[in-house]
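Student: Submitted below is the structure of interest, expressed as structure tokens.
The values are calculated or read from the model by the stated rules, or taken from the named source; none is laboratory data. The structure presented is a predicted model; accordingly, all values stated were derived computationally and were not measured. Virtual Cβ from ideal backbone geometry, glycine too; neighbours counted across all protein chains shown.
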């Protein structure tokens, strides 16, 4: 994260690392919340000695923001939006728990909700887990987010439990020399659903 800061970015760490409920196979999700030129992120990584393992463009559904994922290994990902996040998309990261580099260096842990819909509350000796179901308003207040994002995550994650992992609307693996923005422009020209999202966001 410091490497990204040194190159002018403002990253956060999201998920279990921020909450402190880390397992051996936990993902390390570093997120840049602003729209930034992808080539600058790649240059920052390469200049800092990191080798890019994979590059994938993802859109969860036709109404969601398209995101870039740069994998440094199978568990470590740098994520950033290719289209500005909506308010509820921004709240997604607070919902799951987010931490800046200062908090990370000071061993701070934050409250957040995991994929089991369990509220993870750090304690001096570990953490306490409790279900968020039936406590949507309380949990939203505790996390500083809207009830809308709490209800959305409950709906999405409970549906996944019922029908299994449903995948995403768009998932494109990029070649080593492909540029995220160029690939997105080509997709927008051919995909009416993504073009509609861009128009609704005032980008076309």
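Student: Report whether or not residue 81 is touching a helix residue (DSSP H, G or I) at 6+ places or on another chain (Cβ under 8 Å) and over 27 Å from residue 158 (Cβ atoms). Show your work before the answer.
Tutor: Numbers: touching a helix residue (DSSP H, G or I) at 6+ places or on another chain (Cβ under 8 Å): yes; over 27 Å from residue 158 (Cβ atoms): no.
No.
Student: Same structure, new question: Only strands (runs of 3 or more DSSP E) wholly contained in region 1-91 count here; list those with 2 or more residues that are touching a residue at least 40 places away in the same chain (Cβ under 8 Å). I'd like the intermediate steps shown before the answer.
Tutor: Working: elements: 11-14, 28-32, 54-59, 67-71, 76-81.
Result: 11-14, 28-32, 54-59, 76-81.
Per-residue answers, yes or no, for (1) in contact with a strand residue (DSSP E or B) (Cβ under 9 Å, 6 or more places away or on another chain); (2) under 30 Å from residue 5 (Cα atoms); (3) surrounded by 14 or more Cβ atoms within 10 Å (Cβ to Cβ); (4) modelled with pLDDT under 95:
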| position | (1), (2), (3), (4) |
| --- | --- |
| 111 | yes, yes, yes, no |
| 117 | yes, no, yes, no |
| 130 | yes, no, no, no |
| 133 | no, no, no, no |
| 144 | no, yes, no, no |
| 147 | no, no, no, no |
| 159 | no, no, no, yes |
| 163 | no, no, no, yes |
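Student: Moving on to the next point. Can you report the number of residues in region 72-102 which are loosely packed, with under 15 Cβ neighbours inside 10 Å and touching a strand residue (DSSP E or B) at 6+ places or on another chain (Cβ under 8 Å)?
Tutor: 2
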